[in-house]
1. Name the residue, out of Arg240, Arg182, Arg140, Arg186, that is of a type outside the set (A, V, I, L, M), out of contact with any helix residue (DSSP H, G or I) (no Cβ under 6 Å at 6 or more places or on another chain) and at pLDDT 95 or above.
2. Considering only the range 132-155, state which residues are within 26 Å of Cys218 (Cβ to Cβ) and either in contact with a Phe, Trp or Tyr (Cβ under 8 Å, 6 or more places away or on another chain) or assigned to a strand (DSSP E or B) (or both).
3. Determine whether the range 99-115 contains at least one residue that is in a loop (DSSP other than H, G, I, E, B) and in the same structural domain as Leu268 (by TED's automatic domain parsing).
4. Would you mention how many residues in the range 256-313 are more than 26 Å from Val137 (Cβ to Cβ) and either touching a helix residue (DSSP H, G or I) at 6+ places or on another chain (Cβ under 6 Å) or at pLDDT 90 or above (or both)?
5. Quick check on my filter: what residues within the range 66-98 are aliphatic (A, V, I, L, M) and outside any loop (DSSP other than H, G, I, E, B)?
Amino acid sequence: MDHPDHQPSQEPTGVTGVTGVTGQELGRSLDRRAELSEFLRTRRARLKPEDVGLPDFGRHRRVPGLRREELAQLAGVSVAYYTRLEQGNGRNVSAEVLDAIARALRLSGAEHAHLTHLAKPKQHKKKPSARPQQVRVAMRELIDTLDNVPAYVVGRRSDILVWNRMAAAVFGDWSQLPPQERNWARMVFLRPEYRELFVEWEQKASDMVSFLRMDAGCHPDDPRLSALVGELSVKSEEFRRLWATHDVREKSHGVKRLHHPLVGELTLSFENFKLVDDEELSMATYHAEPGSASAEALRLLASWGTDATRAGTSAR
C-alpha cells in the first residue's frame with residue numbers, strides 16, 4: 001500500500017484561524033432534542049395532505065406541509081403527545097408509536113432508523129473512545145490483493161482508514177495528507193480538486209452530509225464529530241445548506257462519474273459493505289463495466305502504478 005500510517009488523528013479536529021469560533025465551542029455535543037425536533041418538523045413539512053390521503057380544503061396554511069394535528073391523526077396518537085415528541089421530548093416513547101409516526105411520515109428505512117436513534121438513544125452506549133478505529137490485519141491484506149479494484153475502508157465521521165494502490169491512483173494519494181485530513185467530508189467540501197474530480201459533485205456532497213447525519217444520530221455526544229460539523233459549517237456555505245435539510249439516507253451501491261486528471265472520464269460502479277464484526281466500518285469497492293472505456297482507463301492506471309498516483313495528485 002502507498003500509505004505509511006492509516007490511522008486518523010487522535011487529536012480532536014477543531015477549527016483554527018476562524019474568527020470568533022474556537023475549537024472548544026465547536027467540540028460541544030450536538031443537542032439530541034433539537035435534532036429530533038428539527039428532523040420531525042422537516043419530514044412533516046415535505047408532505048401535503050393529498051400525499052397521505054387527507055382532504056385539502058384549500059385553507060391558508062401558515063407552514064408548509066402537514067399540520068401537527070393531521071400527522072397525529074395519521075399516526076393514531078393525540079396532538080398533545082405528538083407535539084411533545086416534535087418538541088424534542090422523546091422520553092418513554094414506545095417503538096410502536098415511532099413505527100406509526102414513521103409510516104405516517106413515509107420515512108425510508110434509513111430515516112426510520114435515524115428517528116429511533118434520536119428518540120430512543122441507547123443508554124448503555126459508552127461515550128466514543130478517543131482511540132482511533134482499527135482495521136484488522138487480514139482486512140488490510142485483502143484490500144492489498146485487489147490489484148485492479150480501487151478499495152478503501154471508511155469509519156466514523158467519514159474517516160478514511162486504509163486504502164489500496166488503485167484507490168490512491170483514482171482518488172488521490174491520501175498518504176500525502178495529515179491523518180486528520182483523510183476524511184471524505186472534509187475533502188469534498190474543503191478541497192477544490194474534489195469538486196473537479198466528481199462530475200456530480202452536488203450529489204456526492206449530499207451523500208456525505210447524509211452519512212454525517214446518520215452518525216450524529218447514533219453518536220450525539222461525540223466531540224470530534226461535533227467539531228467536524230462545526231468546522232464545515234463555518235467554512236462551507238454548501239455544507240450549512242445541506243446540513244439544515246436534515247436528510248438521511250444510506251447507499252449500498254450505485255454509480256459514480258469521475259473526471260480524472262490523467263485518464264479523463266470514468267464511470268465506476270461502487271459497492272459498500274458493512275463489516276460484520278464492526279458495523280461502524282465499511283469497505284467500498286469500485287469497478288468498471290468489462291470492455292468499457294472506463295475499464296481500459298483503470299487498466300492504464302494500474303499499469304502506471306505509483307507514477308500514476310503521484311502524477312494524478314500533482315495534476316489536481
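The values are calculated or read from the model by the stated rules, or taken from the named source; none is laboratory data. No experiment lies behind these values; they were computed from the predicted model shown. Heads up, the Cβs are rebuilt from the backbone with ideal geometry, glycines too, and the neighbour counts pull from every protein chain shown.
1. Details: Arg240 fails: out of contact with any helix residue (DSSP H, G or I) (no Cβ under 6 Å at 6 or more places or on another chain); Arg182 fails: out of contact with any helix residue (DSSP H, G or I) (no Cβ under 6 Å at 6 or more places or on another chain); Arg140 fails: at pLDDT 95 or above.
Just one listed residue meets the conditions, Arg186.
2. Ile143, Ala151, Tyr152, Val153, Val154
3. No, the range 99-115 contains no residue that is in a loop (DSSP other than H, G, I, E, B) and in the same structural domain as Leu268 (by TED's automatic domain parsing).
4. Step one: list which residues in the range 256-313 are more than 26 Å from Val137 (Cβ to Cβ), which gives 256-269, 288-301, 303-304, 307-308, 310-313.
Subsequent filtering for residues that are either touching a helix residue (DSSP H, G or I) at 6+ places or on another chain (Cβ under 6 Å) or at pLDDT 90 or above (or both) retains 256-269, 288-301, 308.
Total satisfying the criteria: 29.
5. Taking the range 66-98 and keeping what is aliphatic (A, V, I, L, M), we get 66, 71-72, 74-75, 77, 79-80, 85, 93, 95, 97-98.
Residues satisfying the conditions are Leu71, Ala72, Leu74, Ala75, Val79, Ala80, Leu85, Ala95, Val97, Leu98.
One line per residue, one yes/no per condition, for (1) at pLDDT 55 or above; (2) in contact with a helix residue (DSSP H, G or I) (Cβ under 8 Å, 6 or more places away or on another chain); (3) surrounded by 15 or more Cβ atoms within 10 Å (Cβ to Cβ):
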position: Val21; (1), (2), (3): no, yes, yes
position: Gly53; (1), (2), (3): yes, no, no
position: Asp56; (1), (2), (3): yes, yes, no
position: Arg59; (1), (2), (3): yes, no, no
position: Arg68; (1), (2), (3): yes, yes, yes
position: Ala72; (1), (2), (3): yes, yes, yes
position: Gly76; (1), (2), (3): yes, yes, no
